[in-house]
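Novice: Below you'll find the structure I mean.
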Amino acid sequence: MQQIFNFIFKNSHRLLFLLLLGISLVLTVQAHSFHRSKVISSANFLTGGVYEQINSFSEYLRLKDQNEELAIENARLKSLLFNAKDTTSIPKIDSIKGVDKVNIIVSKVIHNSYNSQENYLTLNSGSAAGVQPDMGVVNSAGIVGIIDKTSKNYATVLSILNVKSQINAKIKKSNHFGSLVWNGKSTGFVQLIDIPRLASVRKGDTIVTGGQSVIFPANIGIGTIDKIYIDNQTNYYTLNIKLFNDMTNLGHVYIIKSKDREEVLNLEKKENE
């Protein structure tokens with residue numbers, strides 16, 4: 001203990017300088033948006049590298065399970081090919097409904113949080129691959145989230161399991177629209193709010209993206225209605241939606257590049273001027 005005190009007394013000037021330097025850097029970052037964006041970008045780069053190494057080691061330990069999954073998938077694809085009557089009826093398994101394969105960026109989840117109220121994912125693709133904030137992220141089962149921030153080689157995703165998430169969605173059979181949110185409880189369920197009472201809703205009905213934004217095209221799968229509630233204050237339905245995706249077990253994902261994104265954003269910008 002005495003040695004610790006001696007070290008502090010001996011280096012008090014240096015320690016005071018480092019403390020003041022740290023405080024000044026924090027204040028500078030908080031006061032200037034440019035510095036703050038650079039710090040966030042650097043943090044994404046550093047944490048992304050760490051997450052990628054951890055993910056690589058975890059994948060090595062799961063090689064047996066992954067090989068079994070690939071074998072099952074190969075068997076399913078072969079079954080589709082063998083049972084197809086002709087080549088024109090073979091389904092396009094390398095594309096997402098509503099999204100042409102040339103308009104997607106294939107990426108991989110290297111970190112996934114789902115235990116808090118505000119959950120994020122980290123992907124191993126960044127601005128160098130064309131990833132930008134506010135791009136939609138999906139996989140073969142359904143939607144995953146929206147790109148939040150990017151660095152050169154990594155990106156963070158606002159998960160649909162985040163209380164700040166709000167996505168336009170609709171009932172597939174009737175086209176009644178609402179807002180998809182998460183109440184912060186179960187990782188397997190989200191909520192569709194503001195559905196008018198005149199809408200015909202039943203348990204098991206499919207919920208898909210509404211397509212009223214440049215983030216997600218219409219009709220990408222989300223889940224099915226599990227429970228139906230009536231909000232007595234607004235007289236609207238609140239629907240509990242069972243997700244198609246297992247948000248606790250995500251691998252490869254697709255980042256959607258909307259071909260109309262820039263045109264729509266520029267038009268909206270002119271309207272607000």
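The values are calculated or read from the model by the stated rules, or taken from the named source; none is laboratory data. Remember, it's a predicted structure, so these values are computed and weren't measured experimentally. Here the Cβ is made from the backbone with ideal geometry for all residues, glycine too, and neighbour counts use every protein chain on show. SASA here: full protein model, heavy atoms, side chains in, ligands and nucleic acids out. Shrake-Rupley method; radii C 1.70, N 1.55, O 1.52, S 1.80 Å.
Novice: Length gain on complete extension for the stretch Ser24 to Ile4, per 0.36 nm per residue less the alpha carbon to alpha carbon distance?
Specialist: 4.6 nm
Novice: Per-residue HN-Hα couplings for region 153-158, Karplus 6.51 cos²θ - 1.76 cosθ + 1.60 at θ = phi - 60°, whole Hz, x for Gly and Pro?
Specialist: 10, 9, 8, 9, 10, 6
Novice: If you don't mind, another one. How would you classify region 167-216 from its alpha-carbon gyration tensor, with a ≥ b ≥ c the square roots of the eigenvalues: rounded for a/c under 1.5, else prolate if a/b is greater than b/c, otherwise oblate?
Specialist: Verdict is oblate for region 167-216.
Novice: Would you kindly state how much longer the chain becomes between Ser213 and Ser116 on full extension, computed as 0.36 nm times their sequence separation minus their alpha carbon distance, in nm to one decimal?
Specialist: Full extension of this stretch gives 32.2 nm more.
Novice: What is the packing order of peptides 224-232, 139-147, 200-208, 177-185, taking the mean over residues of other C-beta atoms within 10 Å and listing the highest first?
Specialist: 139-147, 177-185, 200-208, 224-232
Novice: At a probe radius of 1.4 Å, what is the per-residue accessible area of Leu158, in Å² to the nearest 10?
Specialist: Surface open to solvent at Leu158 totals about 30 Å².
Novice: Quote the accessible area belonging to Lys242 in square angstrom, nearest 10, computed with a 1.4 Å probe and with ligands, DNA and RNA left uncounted.
Specialist: About 110 Å², ignoring ligands and nucleic acids.
Novice: Just add up the charged neighbours of Ile195: K/R +1, D/E -1, any other residue whose Cβ is under 15 Å from the Cβ of Ile195.
Specialist: +3
Novice: Highest mean first, what order results for 161-171, 13-23 on Cβ atoms within 10 Å?
Specialist: 161-171, 13-23
Novice: Let me ask something else about it. Which net charge results when you count Lys and Arg as +1 and Asp and Glu as -1 among the other residues whose beta-carbon is under 14 Å from that of Leu239?
Specialist: Around Leu239, the charge tally is +4.
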